[in-house]
Amino acid sequence: MRLFLILSSFLFITFSFGQNEWWKPDADNTSTTQTEKPYPKGEVHIKKNSSIDKIIKYKATAIPPNTTPVIDGYRVQLFFDQNKTNVEDSRREVLRNNPTADTYVQYKAPNYILLYGNFRGQLEAEKARASLLSSFPESIVIKDKIEFPQIKEKE
């Protein structure tokens, strides 16, 4: 009995609104053309904070893509710390010994990581790690996306 009552009320609601076209503008007027507008013009007033424009401008700025091609390779992770100044001090130490060294500082939460070199093979990276082992005993070789190593010109 309850099921019959639910079904009958559902059908009654469906059929009572099914024939009424109250949602269409000018349903009884079929002579409406494209030039006539059935709705009156309205005005919209927008009040917004001035900081919204700054946010929109910031979000709309285009970030240029990485222009250097990258390949799979190896780097030596020399040092990591949560304090960026400690990582920068370690980077200065590496550059003091070898001014042409490729060093990179990456942030992977919560640490800053000092990476060294662009090595295509793991053996090259291990050799570089062995040469830096006295200064950075915790260094390890990791897989990473590297930039193309510079080709040394013959003199």
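Rule-based calculations on the coordinates, nothing more; no lab input. Just so it is clear, the model here is predicted, and its values are computed rather than measured. Note that each Cβ is placed from the backbone with ideal geometry, even for glycine, and that neighbours are counted across all protein chains shown.
In debye to the nearest 20, how big a dipole does the range 110-155 give about its Cα centre with +1 on each Lys and Arg Cβ and -1 on each Asp and Glu Cβ?
Dipole about the Cα centre, nearest 20: 100 debye.
Charges on Cβ only, +1 for Lys and Arg, -1 for Asp and Glu, centred on the Cα centroid of the range 45-125; of Asn111, Val94, Tyr58, which one is farthest towards the dipole's positive end?
Result: Tyr58, furthest along the dipole toward the positive end.
Hey, which of these cross-link pairs are over 31 Å Cα-Cα: Lys59/Lys143; Lys54/Lys145; Lys54/Lys143; Lys57/Lys108; Lys47/Lys84?
The answer is Lys59/Lys143; Lys54/Lys145; Lys54/Lys143; Lys47/Lys84.
Could you check the simple spin-label distance between Asp81 and Asn98, using points 7 Å along Cα→Cβ, in nm with one decimal?
2.1
Suppose every Lys and Arg Cβ carries +1 and every Asp and Glu Cβ carries -1, with no other charges. What dipole size does the range 38-155 come out with about its Cα centre, to the nearest 20 debye?
In total the dipole reaches around 620 debye.
List residues of the range 120-151, by number, whose backbone nitrogen lies under 18 Å from a label position 7 Å along Cα→C-beta of Asp72.
120-126, 141-149
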